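The values are calculated or read from the model by the stated rules, or taken from the named source; none is laboratory data. Treat the numbers as computed from the prediction; the structure is a model and nothing was measured. Every residue, glycine among them, receives a Cβ derived from its backbone with ideal geometry; neighbour counts consider all protein chains shown. Keep in mind that these areas ignore ligands, DNA and RNA; they rest on the heavy atoms of the full protein, side chains included. Shrake-Rupley method; radii C 1.70, N 1.55, O 1.52, S 1.80 Å.
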Amino acid sequence: MRFFEFEAREVVRRAGIPVTDYGFTTDPAEAKAIAERIGGPTVIKSQVLTGGRMKAGGVKFADTPGEAEAHAAEILELEINGHMPRGVLVDPRAEVEQEYYAGVVWDGTRKQPVMIFSPVGGIDIEQVAEEQPDKVGRRHFSNILPLSDFQAKEVIASTGVTGSDLNRLVPIVLRLARLFVENDMVLAEINPLGRLADGSFVALDAHMDIENEARGRHKKLLADLGVGEEETRQAREATPFELAGEEVDAQDHRGVAGNVTEFDGDLGLVIGAGGGSLTLFDAVRAHGGRPANYCEIGGNPSVAKACGLAKLVLSKPGVDKIAVMMSIVSNTRVDIVARGVIKACLELGLDPAEKIAIFRIPGAWEEEGFKILERYGVDYADRSVSLNEAARRAVEKIQGAPAR
Amino acid sequence: MRADGTFIAVEVEDAAAGDTELARRLAEACPVDIFLASDSGVALVDGNLDECVLCRLCLDAAGARGAGSPVKIIKLYDDGALLD
Ligand code: SF4
């Protein structure tokens, strides 16, 4: 779940990292009052959960409080990439000598956080990594063991920063890494981190993303920031297809058959099991397939739920076939899922043998499941066929399929 | 009395279908609510037939398995094989 900039700045401030004397408001008159309090030139920034706000006119500079008020009024009405702002942040226009970058991101492959630092800030770190790789320092660190100064020092020093800058930056990067771990974040980024004329550092902008599943562990922080429990903060609104997936999953308490994400391909996916969904989705793409959706099925859903999910996917415009694939299942029954997906085809007047590109779910009750699949002529694979190979076969089938 | 789903059919011998005590035991035993108990005996819930998890609890509640049971669970996808 992403934080707005004004929330991320508050998280940074609470961690003991210096921030500017900013203010957040939803009222132009209050923006004026904040600018008066700041007492100098200000920047008025739209608070939206999308990029490109500068280009869209969502960031404006003001020399007087009156100008700040006028800009705030404009920005509060400005939609950016389909998002209306939550409010505006009124920030002093700091006299910055140099902009730096400090960030921590979760590395899903290594299953560890990685600290990233660069003396080139204010632009995307990806761009810096590409154009000036020697100006990006990084190191993984444990999210269980305590963090030490030397870890941050090593990363910063590797980019050529020395002397008092290095000494002042170490606690900032260290605090950022700590707040990342303590708040179960997947991203904590200060960009730019500005060095002022007196040599001190101040966070000028921050981006943070907390692990969705960890929200329950951070109720106090979220309440302090005014984040409502109902706020999902997804990058976009759920599509009708995705909402229909939620309805399928909510129809009874048994198992999971939902968590649907819409894509625009032609191969419908009914996939799941212990990380299997992501692996299978990637495998389909790696073989040149175009998934129509992502979803998760597992935990032994009812036949009705498996059927509802398969029907939803089969009914999606552009879907030619579905691939029903899971890792080896133990707490989900193969025969129940087989019944569900075949029933979906039959209820839609479709031939399961033609519509199900492959059924690859080995595990509990597979003998019974395979009997059902054979009865309806569905191509199935047992555990001797890898997830990757099953995905390849599904893609091969759909690429040879005549267009609808 | 017999009801057919897509995959599963359930049959209750006519002589047993009016047994309210058997109906009560079946309704209590079945985890997916295929049986209903009423004043007139057993009723079958068509919409739940394909949810049958082949657990045999109904057969045990009826006191016998296989061909001799007053309750039969028939696997339509397996050439009508009986759950026993
Ligand atoms: S076998 Fe189990 S699930 Fe099926 S009808 Fe009997 S009690 Fe219900």
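Just checking, which of A:LYS60, A:LYS32, A:LYS45 is more than 30 Å from A:ARG178 (Cβ to Cβ) and under 31 Å from the mean Cα position of the chain (by Cα)?
The match here is A:LYS60.
Which residues, counting only those in segment A:12-32, are part of a helix (DSSP H, G or I) and open to solvent by 50 Å² or more (accessible area, probe 1.4 Å)?
A:ARG13, A:ARG14, A:ALA29, A:GLU30, A:LYS32
Go through (1) within 12 Å of chain B (Cβ to nearest Cβ); (2) open to solvent by 40 Å² or more (accessible area, probe 1.4 Å); (3) over 19 Å from B:ASP78 (Cβ atoms) for A:GLU374 and report which single condition fails.
(3)
Among A:ILE144, A:ILE156, A:ILE190, A:ILE123, which is in contact with a Phe, Trp or Tyr (Cβ under 7 Å, 6 or more places away or on another chain) and either open to solvent by 20 Å² or more (accessible area, probe 1.4 Å) or under 29 Å from A:GLY52 (Cα atoms) (or both)?
Unique residue meeting the criteria: A:ILE156.
What do you reckon, is A:ASN300 within 12 Å of chain B (Cβ to nearest Cβ), closer than 20 Å to A:LEU280 by Cα and within 28 Å of the chain's Cα centre (by Cα)?
Yes: the conditions hold for A:ASN300.
Identify all residues within segment B:40-84 that are within 14 Å of chain A (Cβ to nearest Cβ) and among the hydroxyl-bearing types (Ser, Thr, Tyr); write none if there are none.
B:TYR77 - this is the single residue of segment B:40-84 that is within 14 Å of chain A (Cβ to nearest Cβ) and among the hydroxyl-bearing types (Ser, Thr, Tyr).
Kindly indicate whether A:ALA391 is among the small types (Gly, Ala, Ser) and under 30 Å from the mean Cα position of the chain (by Cα).
yes
Can you tell me how many residues within segment A:318-349 are within 14 Å of chain B (Cβ to nearest Cβ) and either touching a residue at least 24 places away in the same chain (Cβ under 8 Å) or open to solvent by less than 20 Å² (accessible area, probe 1.4 Å) (or both)?
The total comes to 17.
Which fully enclosed helices (runs of 4 or more DSSP H) of segment A:116-187 have 3 or more residues being of a type in the set (A, V, I, L, M, F, W, C) and closer than 30 Å to A:LEU222 by Cα?
Values: elements: A:125-131, A:149-157, A:163-182.
Fully inside segment A:116-187 and qualifying: A:163-182.
Being within 13 Å of the ligand (Cβ to nearest atom) and open to solvent by 20 Å² or more (accessible area, probe 1.4 Å) is the filter here; which residues of segment B:6-25 pass it?
Of everything in segment B:6-25, those that are within 13 Å of the ligand (Cβ to nearest atom) and open to solvent by 20 Å² or more (accessible area, probe 1.4 Å) turn out to be B:GLU11, B:ARG25.
Just need a number here: residues in segment B:26-84 that are away from the ligand (no atom under 11 Å from the Cβ), under 12 Å from the mean Cα position of the chain (by Cα) and in contact (Cβ under 8 Å) with a residue 60 or more places away in the chain.
Number satisfying all stated conditions: 0.
When you scan segment B:37-52, how many residues do you find that are open to solvent by 40 Å² or more (accessible area, probe 1.4 Å) and either over 23 Å from A:ARG339 (Cα atoms) or among the acidic types (Asp, Glu) (or both)?
Result for segment B:37-52: 5.
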